[in-house]
Amino acid sequence: MEKQVLESPEERTFQYQDFLPSLPVPPLDESLNKYLDAVKPFLNQEEYQRTEDIVKKFENGIGKELHQKLLERAKTRRNWLEDWWLNVAYLDLRISTQIHSNMGGPGPYIEHYWPKKEGTQIERACVNIWHTLNYWHLLRVEKVAIERSGNDILDMNQFRMLFCTCKIPGVTRDSIGSYFKTETEGECPSHLIVLCRGRVFAFDAVHEGSIVTPPEIFRQLTYIQKRCHSEPDGPGLAALTSSERTKWAELREYLIHLDPKNLTLLEKIQRGLFVVCLDDSSPHATPEDYTEVTRLGLIGDPTVRWGDKSYNGIFFSNGLCAAFCDHSPMDAMALITMLTYIEKKIIENEGKWKGSEKVRDIPWPEELVFTVDQKLINEIERTKEWYYQKVSDLQLVNYAFTSFGKGLIRTKKLHPDTFVQLALQLAFYKCHGRPGCCYETAMTRRFYHGRTETIRPCTVEAVEWCKSMLDPSDGTYQRLQLMYKAFAKHNKLRKECEHGKGFDRHLLGLLLIAQEQGLPVPELYVDNAFTASGGGGNFVLSTSLTGYTRFNGSALPMVHHGYGFFYAIRDDRIVATCSSWKSCPETDAEVLCRTVFQCFQDMLQLTVSAHL
């Protein structure tokens, strides 16, 4: 009896971190065979023959050596990919990461307790912030539930990155500052950063050991807003986070040299829990069309978001909200888990605060007043102009397909995610008359500090099925058989990727070993097949399932002639965000999205007619 009392049945969020398996290195021959299979749809017989020769030569020559060196590296690390991936995918980028790499999405609260309503901005922000602060507290005391896939425990490390985390620009490579600590580990910063009308404020979210309540947050935010609305706008320093990285790094250095106090203020922002953005816009949104709020969440006013912060909560003047995040320290699922918790609490409390209205005597917010000179003011103006010109080129739609969702798809014994991916393949084929090389995110969190692997949905089987769907002489039965084959292939690929048996990260590792050793780039990586099939960041379709919740978010296309396609699958609907660049004449996000929705109907029709 006594033993049971001693052993608390409750798991702690991070308790299994040290027991997770290391990220494996797959066998070389397996990875290369998978690669060959993946490039097939993009090559004719002759080109394929040539690529096959290159791959065989690689496998028996330099590839073998590089693979051995990669195995050596993996012996001394629990995750051989981790720091490489962080650098190559994120920190080495010199383009504007706020535009090209950040992720964001709308809050779904308009679908229940928070319809669009002027004058509710601060009140709703307080409730939302309060639930977010409670989540931070749960994380600090390790009471956030450990996530699992089946019986497998998933790595929880990314959850630490939701709070007190910020990217810091460097001249050649950025770095990440993460200051979060659990209660066992020690003190954790507890202040919030608020951006409003080009100004920056901070206040502590904990007073005398307890988290500030919504009425107390209301007092703080009202104070900030009143001041900002009655005084001149601030310099809008936050806009600099949207610059190209080297430029921002140099301006940051300049800012620090101008006045060492500026460094203290920058560090205060870096260490802050998260950023509260009070945005004056009033975006339109309905449950069927989130386009405008998604657009403003991702590429709105650059002076009221800190692009390098891992979480910005954006609150619009009409009571709508959005989330905006630096992608480098974490992937979307950690964020979505937190936002789902917040939404659940908002629903439980009918969107209101039901506690005490008492407001303690807490210190007023402090303004972080940076010392700036004319040069910086000009640079901020220039950055804003450049930013607005850049983002005006983005075409983005966020629509709900409402005819059916995972409820109906499951009754057909089909995997909902594969259903969407194959519809996207068919839609791309219809719009462009050729297969579209596609990147779908698979999560590798079964492994220590695992993040992602690439599923390549444009398989030989998917293309065969697309051709059949467009060939009027093919009958329903044949199309259905090909569709089932394409489903089976995609499901197999997903499973392999999640269990560390994908090939994209492995090929990247081999290339990075060659680079580290100062060796020439192996022929495999300069072969046309590598790029044509999406390798080296050349995927025309950049896609991700954002899960089975009300949260849908988006990042932008990977290449100029490509699309971003991100989707949430709900019981009764599928919500998709599709983006492309207007300056590319071949792509049209609106048309692709509408075509995907039509393909959902066509695929369902296929399964229905098959049973007639």
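Worth a mention:
- Averaging Cα coordinates gives a centre for the stretch 85-158 and one for the stretch 542-557; these two points are 13 Å apart.
- Taking the stretch 411-464 and dividing mean pair separation by its residue count, relative contact order in percent (alpha carbons under 8 Å, at least six apart): 30 percent
- The label point for Ser178 and the one for Ala89, both projected 7 Å from the Cα toward the Cβ, are 1.3 nm apart.
- Nearest-0.05 FRET efficiency for Glu590 and Asp233, computed from C-beta distance (R0 35 Å): 0.50
- Restricting attention to the chain, close to 75% of DSSP beta bridges with both partner residues there are antiparallel.
- Highest to lowest packing among 408-416, 541-549, scored as the average C-beta count within 10 Å: 541-549, 408-416
- Rounded to the nearest 20 debye, dipole of the stretch 380-499 from Cβ charges on Lys, Arg, Asp, Glu: 400 debye
- Summed residue charge, Cβ within 13 Å of Val141's Cβ, Lys/Arg positive, Asp/Glu negative: -1
- Toward the positive end of the charge dipole of the chain, with +1 on the Cβ of Lys and Arg and -1 on the Cβ of Asp and Glu, the farthest Cα among Ser101, Leu139, Pro115 is that of Pro115.
- Residue (of Phe404, Gly300, Pro232) at the positive-pole extreme of the chain, dipole from beta-carbon charges: Phe404
- At a probe radius of 1.4 angstrom, the accessible area of the chain per residue rounds to 41 square angstrom.
- Of the GluC sites (Glu not before Pro) in the stretch 247-319, those whose Cβ has at most 16 other Cβ within 10 Å and which sit in DSSP loop: Glu288
- Candidate residues Thr264, Thr459: accessible-area rank, largest first, probe 1.4 Å: Thr264, Thr459
- Computed extension gain for Lys413 through Arg148, at 0.36 nm per residue and net of the alpha carbon distance, reaches 93.1 nm.
- Legend: calculated FRET efficiency, Asn60 to Glu366, from the Cβ-Cβ distance at R0 = 60 Å, rounded to 0.05, equals 0.40.
- Note on the stretch 1-93: semi-axes of the ellipsoid equivalent to its C-alpha gyration tensor, largest first and rounded to whole Å, are 43, 16, 15.
- Full extension of the chain segment joining Ile347 with Asp280 gains 21.6 nm, where the gain is 0.36 nm per residue of separation less the Cα-Cα distance.
- Between Asp53 and Glu464, the contour length at 0.36 nm per residue exceeds the alpha carbon distance by 145.5 nm.
- The stretch 282-375, relative contact order [Cα under 8 Å, separation at least 6], %: 18 percent
- Selection of trypsin sites (Lys or Arg not before Pro), the stretch 546-612, meeting DSSP coil and at most 16 other Cβ within 10 Å: Lys582
- Dipole magnitude of the chain about its Cα centre (Cβ charges: Lys, Arg +1; Asp, Glu -1), debye to nearest 20: 700 debye
- In terms of packing, defined here as the mean over residues of other Cβ atoms within 10 angstrom, the peptides 148-159, 317-328 line up highest first as 317-328, 148-159.
- Charge tally in the Cβ shell below 14 Å around Tyr113, where Lys, Arg are +1 and Asp, Glu are -1, Tyr113 excluded: +3
- Mean Cα-pair separation over length for the stretch 323-475, i.e. relative contact order, pairs under 8 Å, 6 or more apart, %: 13 percent
- Note on Glu523 and Asp571: the model spin-label points, each 7 Å out from Cα along the C-beta direction, lie 5.8 nm apart.
- Gyration tensor verdict on the stretch 324-452 (Cα atoms; rounded if a/c is under 1.5, prolate if a/b is larger than b/c, oblate otherwise): oblate
- Lys, Arg +1 and Asp, Glu -1 on Cβ, resulting dipole of the stretch 36-96 about Cα centre, debye, nearest 20: 300 debye
- Solvent-accessible area assigned to carbon and sulfur over the stretch 40-135 amounts to 53 percent, based on a 1.4 Å probe.
The values are calculated or read from the model by the stated rules, or taken from the named source; none is laboratory data. Please read these numbers as outputs of a predicted model, since none were measured by experiment. Virtual Cβ from ideal backbone geometry, glycine too; neighbours counted across all protein chains shown. Note: areas computed on protein heavy atoms with side chains; ligands, DNA, RNA excluded. Shrake-Rupley method; radii C 1.70, N 1.55, O 1.52, S 1.80 Å.
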